[in-house]
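The structure appears right after this line, and notes come after that.
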Amino acid sequence: MGTVPPSGETPDADQDEPAAEATVLRMLLGAQLRRLREAAGIPAEKAGYEIRASRSKISRMETGRVGFKLRDIQDLLTLYGVLDEKEQAKVIALAGRSREPEWWTRYNDVLPDWFESYLGLESAARSIRSFETQFVPGLFQTEDYARAVTRLGHQTAPESEIERRVGLRLKRQDLLSRARPPRIWVVMDEAVLRRPIGGAAVMRAQLFRLAGVAELPGVRLQVVPFARGGHAGASGSFSILRFEEPDLPDVVYMEQLTSAVYLDQRADVEHYLEVADQLSSEALTPAATVLFIEQVIKET
Amino acid sequence: MTRPDRRQDSAKRKGTVMTSDEAPGGDDGARNVGPLPFDVTKAHQARAYDYLLGGKDNYAADRASADEAIEIYPDIVFTMRANRAFLGRAVRYLAGEAGIRQFLDLGTGIPTAGNLHEVAQAIAPDSRVVYVDYDPVVLAHARALLDSSEAGATEYIDADLRDTGTILSRAADLLDFTKPVAITLMSILHAIPEADDPYSIVAMLLDTVPSGSYLAISQFGEELMPAEAREALLASARRTSLQQYTARTREQVARFFDGTDLVEPGLVRVEEWRQDPGARGEGKSVYWCAVGRKR
């Protein structure tokens, strides 16, 4: 998959498609359609003929460069032998999501394209497994902590922009109270609990919040204490997202200064899976982590 | 900063009691069997099983080894699915008809659909389940992915089956050994060679629980596969896998059930045990199974 192009370079979609689309969802859906077509042994020309389109349109759909009409997807799935209504509905639901303008389009002024893609993935994920070296994960930040982190990254930004960014971050947390929230499994370095972002009072409130979210049914937090010495996560923070649709590959997401990296090739993903597996067995258990956080609160 | 004391760690979370065996490797030097080292260059039974059931928590070596096994004996895939289905039917019987509310599951594996406590708690929400596995990574997945019902509880123990005393003393934190317990050993005893005397291990487990308790086992059966394929499969595992396997005869498997009365239909292939009416056999498994009630 690689890096998502910076703003303005996204190839133009067909005229009849909405402009705001979650790029990565479209790429995932395209990849799934390609796998299904290849498994059925159907050449791209034939698939194109089925939906009255060219071979190159099929290719552009399969690489996620253009959007999809639901009708076309239905026809293609039937052609590829996916006849089960439930199976069809799953793919179509994904396609539906990839076409809808999402809530975050209202934050376009402060939202780089690469992060917009992440929000699409995050809201589609069934599980998010991540490792954090420095900061409390965005989904669990208090408003004050989020504001302090945002100021660190945008030192010269006017107050109004800071507030927009903080608003976006808090809005993301609606995910946690959704009807079927994704399972969130986070391993954190002890540094996340110790670095007093925003000062002692802000950090203390943030630690209470962490102890609280650790009790949510679908959330698991694990800390790797300093006392454990070096650990497998020397590579830095990352997230592995997994989706409801079994055919969609896991995606690894890593944020960089001005862009983000997405990996979905199995061989790449597996390196991160290995680190995540190792970290989660080295870290304190979720139950011991709650006690650890309470201990840190007592000490601060 | 002191590490939280494991004795205080009885934090209740959403009906779940999680214990504190948070130190992989443990600090009790008396153990002669340590946790499984993390190694993705060799196949791991739990991860290969995850792959065969359609999961994604597996690595290239696991898939290569499983594919090799399928090449040698295609009904391996059916066997894994049939074994999983047997677990479901056995636990439904135990929580339903047999009225069992406490389960000790040895060799938990990577969570997938229809985990033991989900099946049991769907019938009896107050079911308490202790999961045991000797792989810290597998158990990390179980802790992260399994949610107990509010009324019931789940607990996790990092220990090797051969460390039976440790397992029983830790399991006593959640289970009341004066009341009936179901002990489940699904697709695990074939990883214990004859030299480690699995019969004594099972006998020790059964000794700890009262009359009216149950034992459920599934295990690779020697007579269920032609000798040539069986030898090829075991040789392949020696080359590619972290675990080595021991096939057992019907008679050997029956020995595990000494002191119990077998529930109908007795000792059979996994797909033959109280199959749901109308279920179609798509293959023949290579696993024996039975459920016995302690006298």
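Shape class of segment A:46-100 from the alpha-carbon gyration tensor: oblate, with a/c at 1.5 or above and b/c at least as large as a/b. When A:Thr78, B:Thr246 are compared by accessible area of protein heavy atoms, the largest-first order is A:Thr78, B:Thr246, using a 1.4 Å probe.
All alpha carbon pair distances within the protein assembly as shown were sorted into 10 Å bins beginning at 0; the resulting P(r) in whole percents reads 3, 15, 24, 24, 19, 11, 3, 0. Solvent-accessible surface of segment B:225-287, taken per residue with a 1.4 Å probe and all protein chains present: 55 Å². All Cα-Cα distances of segment A:223-300, cut into 5 Å bins from zero to the largest, leave 3, 13, 19, 18, 16, 15, 10, 5, 1, 0 percent in each bin in turn. Let me make sure I get this right: for segment B:30-186, a, b and c are the square roots of the gyration tensor eigenvalues over alpha carbons, sorted descending. Under 1.5 in a/c it's rounded, otherwise prolate if a/b > b/c, else oblate. Which is it? Note, shape of segment B:30-186 comes out oblate. Between B:Ala216, B:Ala279, B:Ala61, the GNM of chain B built on Cα springs shorter than 10 angstrom shows B:Ala279 fluctuating the most.
What total accessible area, in Å², is buried where chains B and A meet, using a 1.4 Å probe and rounding to the nearest 100? For B against A, buried area totals roughly 2900 Å².
Scanning chain A for GluC sites (Glu not before Pro) in DSSP loops with at most 14 other Cβ atoms within 10 Å, what's the longest stretch left with none? Within chain A, the longest run free of exposed GluC sites (Glu not before Pro) spans A:10-214. Given the options B:Tyr49, B:Tyr131, B:Tyr59, which has the most mean-square fluctuation in a GNM of chain B, springs set between C-alpha atoms less than 10 angstrom apart? The residue that fluctuates most here is B:Tyr59. As a ratio to 2.2 N^0.38 Å, the alpha-carbon radius of gyration for segment B:138-205 is 1.24. Taking only the alpha carbons of segment A:149-192, we obtain Rg and Dmax values of 14.2, 39 Å in that order.
A cut-off under 12 angstrom between Cβ atoms defines the neighbours of B:Phe38, and their net charge, with Lys, Arg +1 and Asp, Glu -1, is -3.
Nearest 0.05, what FRET efficiency do B:Ala60 and A:Asp247 give at R0 = 22 Å with Cβ-Cβ as r?
The pair B:Ala60/A:Asp247 has a calculated efficiency of 0.70.
Per-residue ellipticity at 222 nm from helix content only, as computed over chain B with -39500 (n - 2.57) for each DSSP H run of at least four residues, stands at -10500 deg cm²/dmol. Which shape class, rounded, prolate or oblate, goes with segment B:168-295 when its Cα gyration tensor gives a ≥ b ≥ c as root eigenvalues, a/c under 1.5 marks rounded, and past that a/b bigger than b/c marks prolate? It comes out oblate by the Cα gyration axes.
For chain A, the 222 nm mean residue ellipticity estimated from helices alone, with every DSSP H stretch of n ≥ 4 adding -39500 (n - 2.57) and the total spread over all residues, rounds to -15000 deg cm²/dmol.
The alpha-carbon atoms of chain B define a convex hull whose volume equals 133 cubic angstrom per residue. Here the simple spin-label model places points 7 Å from the Cα toward Cβ, and for A:Arg151 and A:Val261 these points are separated by 3.2 nm.
For the pair A:Arg106 and A:Ala201, what calculated FRET efficiency results from E = 1/(1 + (r/R0)^6), where r is the Cβ-Cβ distance and R0 = 30 Å, to the nearest 0.05?
FRET efficiency, A:Ala201 to A:Arg106: 0.45.
List the relative contact order of segment B:70-224 as a percent without decimals, with contacts defined as Cα pairs under 8 Å and 6+ residues apart. Walk me through the numbers before you get to the answer.
Working: 242 pairs, mean separation 35.9, N = 155.
After rounding, I find 23 percent.
Of the residues B:Gln275, B:Gln102, B:Gln121, the one that moves most in a GNM of chain B with alpha-carbon contacts below 10 Å is B:Gln275. Near B:Lys179: Cβ cut-off under 13 Å, other residues only, Lys/Arg at +1 and Asp/Glu at -1. The net charge is +1. Report note on the peptides B:74-85, B:254-265: ranked by the mean count of other C-beta atoms within 10 Å, highest first, their order is B:74-85, B:254-265. Here the accessible area is traced with a 1.4 Å probe on the protein chains. For chain A, carbon and sulfur cover 52 percent of it. In this calculation the C-beta distance from A:Thr300 to A:Arg71 is compared with R0 = 56 Å, giving a FRET efficiency of 0.45. Using only the Cα atoms of segment A:157-228, each taken as one equal point scatterer with no solvent, compute I(q) by the Debye sum, divide by I(0), and report log10 of the ratio at q = 0.11, 0.18, 0.20 Å⁻¹. Each listed q corresponds, in turn, to -0.37, -0.93, -1.07. Each other residue within a Cβ distance under 14 Å of B:Gly278 adds +1 if Lys or Arg and -1 if Asp or Glu, for a net charge of 0. For segment B:124-145, list whatever residues lose no less than 20 Å² of accessible surface once every protein chain is in place, relative to that chain by itself, with the probe at 1.4 Å. Buried by 20 Å² or more upon assembly, which counts only protein chains, are B:Val137, B:Ala140, B:His141, B:Arg143, B:Ala144, B:Leu145. Using 0.36 nm per residue of separation minus the Cα-Cα distance, give me the extension gain between B:Glu223 and B:Glu282 in nm, one decimal. Using 0.36 nm per residue and subtracting the Cα-Cα distance, I get 19.3 nm.
The values are calculated or read from the model by the stated rules, or taken from the named source; none is laboratory data. Note that the coordinates shown come from a computational prediction; the quantities given were computed from them, not determined experimentally. As a convention, Cβ positions derive from the backbone with ideal geometry for all residues, glycine included, and neighbour counts pool all protein chains shown. Accessible surface areas use protein heavy atoms only, side chains included; no ligands, DNA or RNA. Shrake-Rupley method; radii C 1.70, N 1.55, O 1.52, S 1.80 Å.
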